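**Student:** Below: one structure in structure tokens.
The values are calculated or read from the model by the stated rules, or taken from the named source; none is laboratory data. Keep in mind that this is a model prediction, so the values were computed, not measured. Here Cβ is always computed from backbone atoms with ideal geometry, including for glycine, and neighbour counts include all displayed protein chains.
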């Protein structure tokens with residue numbers, strides 16, 4: 001569990017190799033993938049259509065994420081999601097066996113895959129768009145204070161996840177599994193200390209919101225092509 | 001400002017936080033251009049507070065009360081505009097990871113440069129120059145949380161060069177640094193000297209770096225005392241070990257084996273972290289495992305504790321174990337020490353006797369049981385964690401780098417406490433700047449995934465380091 005939490009945090013880290021694409025294209029791409037993951041079941045009743053759409057979305061997401069982060073990091077980051085997906089699937093199957101109204105097993109599988117696809121799509125907002133860009137976007141949108149708070153919080157996620165993983169180990173060895181909920185106490189305190197230190201960092205180093213947002217770069221055509229292919233697949237599965 | 005104007009001048013400085021007594025009481029300090037100053041002192045003596053006062057966060061963030069005169073480059077701190085102190089004094093804090101505001105190192109540097117220069121072209125130039133001066137080319141495309149403690153500090157030094165400050169403050173820079181990291185830090189100090197930068201280092205692990213400074217001060221009772229000459233004399237003074245006959249650890253091979261690890265292998269992220277480790281722990285063993293950061297010490301302790309399953313090999317345990325992490329604050333869950341005792345006894349079904357015994361021991365050790373464990377110093381936290389662990393009847397205590405943040409005197413006290421408890425201990429360290437063979441039944445080195453017994457070369461003994469520090473303190477109080 002502890003290592004799964006740590007690996008999970010890595011998926012929220014901005015990739016290092018994205019300067020060749022414009023901010024707008026990356027934002028559009030992430031938004032499109034989230035939308036596409038949500039409407040997988042829309043405008044069709046055929047299971048095969050859903051399978052085709054889901055497969056394509058997952059394939060694109062894993063390819064994109066792996067290109068920037070590496071396949072192993074991508075797959076590891078899915079461990080935590082997989083734990084919840086498996087728990088959900090088990091509950092559904094149990095209710096099926098015990099005679100309660102439950103979805104069909106194939107629906108359970110497909111909805112589980114959809115959750116993974118949606119999670120990966122949502123993480124693209126953080127993988128493809130840097131915190132400086134987010135700060136600028138929020139600043140332009142009029143959320144000046146939120147822009148700073150948001151970037152400080154996201155920056156500290158991986159370190160906080162590491163502390164969470166250490167706290168789980170320690171409390172489990174101290175009290176056993178029954179009182180694992182007590183892990184909250186040291187983590188809350190640590191968060192308070194961290195918040196105070198971050199306030200110092202902000203005062204000493206500050207943040208700027210003058211980042212230049214780009215609207216078009218030549219390589220954007222690649223991302224827009226992927227969007228078009230996905231759109232075409234949705235339309236094709238709607239009518240054929 | 002003339003060429004003789006000190007970079008920093010502090011006269012009769014008093015400071016207290018919103019609640020509580022004065023922490024700094026009539027403190028004086030002068031730092032000249034290019035001068036390197038080391039300030040040592042107990043945990044809680046006010047070292048970090050002084051950094052906060054000098055960077056003005058004591059006032060702006062902590063809302064404390066400052067009295068006295070502080071001049072930076074000849075100008076009074078209270079007459080400077082809010083940006084000036086931040087440009088002239090650069091702080092590199094205890095936990096360098098908390099001083100990043102962007103995940104990618106390059107972006108963090110660029111963000112700061114843009115804040116300082118307010119111009120993209122100038123910012124880019126400043127970042128390039130800072131990277132070249134500190135040689136951090138290989139680090140700039142990494143996330144800050146992927147850096148080791150030493151690397152993170154190097155990046156912070158590069159960041160400091162962007163604003164070209166007159167004075168750099170390092171608050172406990174050796175905390176969490178292994179021996180290699182200490183060498184890196186010494187190289188950084190040399191670089192700062194070549195660049196003509198004034199430096200103040202606040203550190204109680206002073207032995208490995210003391211020779212690199214022009215002046216050494218001891219912070220005690222809220223004041224600074226110049227101990228430069230005294231410290232030099234003491235390091236040269238002959239010293240005979242005060243080891244008592246009971247301190248010498250017996251490596252008797254007939255004692256009962258309580259834990260046996262056979263052929264332990266562990267793979268993490270595709271790396272062979274541990275490769276065929278064999279370890280036999282006997283009752284009342286005091287085992288020291290030395291290894292640089294990232295050598296797999298924590299992984300090994302977690303495997304011995306039974307929390308991690310090794311990729312290959314077996315661990316046979318014949319007793320309960322308790323693991324105390326490096327970040328000791330994570331060990332505590334209750335609002336008072338008394339409740340910690342109650343909770344740990346209740347969890348293990350040890351009854352009221354356990355509670356009474358625990359409160360008695362802690363009382364004897366000088367703990368106020370109604371106090372919050374989170375308000376204790378790091379040294380006290382480790383001591384409390386060890387005592388609580390003992391109450392659980394755990395026979396084996398695994399301590400992950402408990403010496404980080406402890407003075408040499410506190411280290412000796414902790415080892416003395418562990419010895420009195422009569423338990424079995426496995427303790428890891430990443431540095432050997434004060435080592436003493438007599439404390440340990442066995443010393444191992446964990447390197448490249450292998451655990452080998454080793455005998456360090458002649459080092460400054462821990463008892464001598466503690467004695468030296470006490471002598472410095474006595475010299476001041478006399």
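**Student:** For residue A:182, state whether it is at pLDDT 90 or above, within 7 Å of chain B (Cβ to nearest Cβ) and either touching a helix residue (DSSP H, G or I) at 6+ places or on another chain (Cβ under 8 Å) or surrounded by fewer than 16 Cβ atoms within 10 Å (Cβ to Cβ) (or both).
**Tutor:** Working: at pLDDT 90 or above: yes; within 7 Å of chain B (Cβ to nearest Cβ): yes; either touching a helix residue (DSSP H, G or I) at 6+ places or on another chain (Cβ under 8 Å) or surrounded by fewer than 16 Cβ atoms within 10 Å (Cβ to Cβ) (or both): yes.
Yes: the conditions hold for residue A:182.
**Student:** Something else about it: Which one of the conditions (1) modelled with pLDDT of 85 or more; (2) not in a helix (DSSP H, G or I) does residue A:102 fail to meet, given that it meets all the rest?
**Tutor:** Of everything listed in (1) modelled with pLDDT of 85 or more; (2) not in a helix (DSSP H, G or I), residue A:102 misses just condition (1).
**Student:** Something else about it: Working carefully through the options B:359, B:350, find the one that is surrounded by fewer than 20 Cβ atoms within 10 Å (Cβ to Cβ), away from chain A (no Cβ under 12 Å) and within 23 Å of residue A:180 (Cα to Cα). Talk me through it step by step, then tell me what you get.
**Tutor:** Values: B:359 fails: within 23 Å of residue A:180 (Cα to Cα).
Answer to the check: B:350.
**Student:** Scan the helices (runs of 4 or more DSSP H) fully inside the stretch B:103-210 and keep the ones with 3 or more residues being within 14 Å of chain A (Cβ to nearest Cβ). Explain how you work it out, then say what you get.
**Tutor:** Values: elements: B:105-117, B:120-134, B:149-163, B:179-194.
Hits in the stretch B:103-210: B:105-117, B:120-134, B:149-163.
**Student:** A further question on this structure: Before we move on, is residue B:37 over 19 Å from residue B:203 (Cβ atoms), in the same structural domain as residue B:206 (by TED's automatic domain parsing) and modelled with pLDDT of 95 or more?
**Tutor:** On the way: over 19 Å from residue B:203 (Cβ atoms): no; in the same structural domain as residue B:206 (by TED's automatic domain parsing): yes; modelled with pLDDT of 95 or more: yes.
It is false that residue B:37 is over 19 Å from residue B:203 (Cβ atoms), in the same structural domain as residue B:206 (by TED's automatic domain parsing) and modelled with pLDDT of 95 or more.
**Student:** If you don't mind, there's one more thing I want to ask. Can you tell which of B:54, B:91 is part of a helix (DSSP H, G or I) and buried (at least 16 other Cβ atoms within 10 Å of the Cβ)? Explain how you work it out, then say what you get.
**Tutor:** On the way: B:91 fails: part of a helix (DSSP H, G or I).
Unique residue meeting the criteria: B:54.
**Student:** Identify the residue in the stretch B:204-229 that is modelled with pLDDT under 90 and either in contact with a helix residue (DSSP H, G or I) (Cβ under 7 Å, 6 or more places away or on another chain) or not assigned by TED's automatic domain parsing to the domain that holds residue B:183 (or both) and, among all such residues, is nearest to residue B:471 (Cα to Cα). Reasoning before the result, please.
**Tutor:** Residues of the stretch B:204-229 modelled with pLDDT under 90: B:204-208, B:211.
Checking the rest, the ones that are also either in contact with a helix residue (DSSP H, G or I) (Cβ under 7 Å, 6 or more places away or on another chain) or not assigned by TED's automatic domain parsing to the domain that holds residue B:183 (or both) come to B:207-208.
Working: B:207: 14, B:208: 18 Å.
Only one residue fits best here, namely B:207.
**Student:** Further question on the same structure: Based on what the data block shows, is residue A:72 within 12 Å of chain B (Cβ to nearest Cβ), out of contact with any helix residue (DSSP H, G or I) (no Cβ under 8 Å at 6 or more places or on another chain), surrounded by fewer than 17 Cβ atoms within 10 Å (Cβ to Cβ) and at pLDDT below 85?
**Tutor:** Numbers: within 12 Å of chain B (Cβ to nearest Cβ): yes; out of contact with any helix residue (DSSP H, G or I) (no Cβ under 8 Å at 6 or more places or on another chain): yes; surrounded by fewer than 17 Cβ atoms within 10 Å (Cβ to Cβ): yes; at pLDDT below 85: yes.
Answer is yes for this residue.
**Student:** Pairs needed: first member in the stretch A:203-222, more than 7 Å from chain B (Cβ to nearest Cβ); second member anywhere, surrounded by fewer than 18 Cβ atoms within 10 Å (Cβ to Cβ) and part of a loop (DSSP other than H, G, I, E, B); C-beta distance under 7 Å; at least 6 residues apart or different chains.
**Tutor:** Between residues of the stretch A:203-222 that are more than 7 Å from chain B (Cβ to nearest Cβ) and residues that are surrounded by fewer than 18 Cβ atoms within 10 Å (Cβ to Cβ) and part of a loop (DSSP other than H, G, I, E, B), the close pairs are A:217/A:20; A:219/A:20.
**Student:** Would a scan of the stretch A:167-179 turn up a residue that is within 21 Å of residue B:325 (Cα to Cα), within 10 Å of chain B (Cβ to nearest Cβ) and touching a residue at least 40 places away in the same chain (Cβ under 8 Å)?
**Tutor:** Going through the stretch A:167-179, the residues within 21 Å of residue B:325 (Cα to Cα) turn out to be A:167-179.
This time we only want the ones that are within 10 Å of chain B (Cβ to nearest Cβ), so: A:167-176, A:178-179.
Next cut, touching a residue at least 40 places away in the same chain (Cβ under 8 Å) only: A:168-169.
Yes, the conditions are met somewhere in the stretch A:167-179.
**Student:** Restricting the search to the stretch A:192-202, which residues are closer than 24 Å to residue A:130 by Cα and either touching a strand residue (DSSP E or B) at 6+ places or on another chain (Cβ under 7 Å) or facing chain B (nearest Cβ under 8 Å) (or both)? Explain how you work it out, then say what you get.
**Tutor:** So the first thing to find is which residues in the stretch A:192-202 are closer than 24 Å to residue A:130 by Cα, and the list is A:194-195, A:197-202.
Those that are closer than 24 Å to residue A:130 by Cα and either touching a strand residue (DSSP E or B) at 6+ places or on another chain (Cβ under 7 Å) or facing chain B (nearest Cβ under 8 Å) (or both): A:194, A:197, A:198, A:199, A:200, A:201, A:202.
**Student:** Quick one: count up the residues across the stretch B:318-330 that are closer than 20 Å to residue B:421 by Cα, assigned to a loop (DSSP other than H, G, I, E, B) and within 13 Å of chain A (Cβ to nearest Cβ). Quick ask: steps written out before the conclusion?
**Tutor:** Kept after step one, since they are closer than 20 Å to residue B:421 by Cα, are these residues of the stretch B:318-330: B:318-325, B:328.
Add one more test, that the residue is assigned to a loop (DSSP other than H, G, I, E, B), and what stays is B:318-320, B:325.
Of the ones still in play, those that are also within 13 Å of chain A (Cβ to nearest Cβ) are B:320, B:325.
Of the residues in that region, 2 qualify.
**Student:** Does residue A:189 meet the test of being buried (at least 18 other Cβ atoms within 10 Å of the Cβ) and either within 28 Å of residue A:53 (Cα to Cα) or within 14 Å of chain B (Cβ to nearest Cβ) (or both)?
**Tutor:** So residue A:189 does not fit the description; no.
**Student:** A further question on this structure: Give the stretch A:201-220 a look and list any residue that's under 12 Å from residue A:28 (Cα atoms) and part of a helix (DSSP H, G or I), or say none. It would help to see each step written out before you state the result.
**Tutor:** Here is the first cut: in the stretch A:201-220, the ones under 12 Å from residue A:28 (Cα atoms) are A:215-216, A:220.
The answer is A:220, and nothing else.
Every residue, every condition in (1) within 14 Å of chain B (Cβ to nearest Cβ); (2) in contact with a helix residue (DSSP H, G or I) (Cβ under 8 Å, 6 or more places away or on another chain); (3) farther than 21 Å from residue A:226 by Cα; (4) assigned to a helix (DSSP H, G or I), yes or no:
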{"site": "A:117", "(1), (2), (3), (4)": "no, yes, no, yes"}
{"site": "A:121", "(1), (2), (3), (4)": "no, yes, no, yes"}
{"site": "A:127", "(1), (2), (3), (4)": "yes, yes, no, yes"}
{"site": "A:133", "(1), (2), (3), (4)": "yes, yes, yes, yes"}
{"site": "A:138", "(1), (2), (3), (4)": "no, yes, yes, yes"}
{"site": "A:147", "(1), (2), (3), (4)": "yes, yes, yes, yes"}
{"site": "A:151", "(1), (2), (3), (4)": "yes, yes, yes, yes"}
{"site": "A:154", "(1), (2), (3), (4)": "yes, yes, yes, yes"}
{"site": "A:161", "(1), (2), (3), (4)": "yes, yes, yes, yes"}
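**Student:** Considering only residues of the stretch B:385-404 that are surrounded by 24 or more Cβ atoms within 10 Å (Cβ to Cβ) and part of a helix (DSSP H, G or I), which is modelled with the lowest pLDDT?
**Tutor:** Here the residue is B:389.
**Student:** One residue is enough: does the stretch B:331-347 have a residue meeting the conditions more than 14 Å from chain A (Cβ to nearest Cβ), over 21 Å from residue B:399 (Cβ atoms), part of a helix (DSSP H, G or I) and without any contact (Cβ under 8 Å) to a residue 24 or more places away in the chain?
**Tutor:** No, because not a single residue in the stretch B:331-347 is more than 14 Å from chain A (Cβ to nearest Cβ), over 21 Å from residue B:399 (Cβ atoms), part of a helix (DSSP H, G or I) and without any contact (Cβ under 8 Å) to a residue 24 or more places away in the chain.
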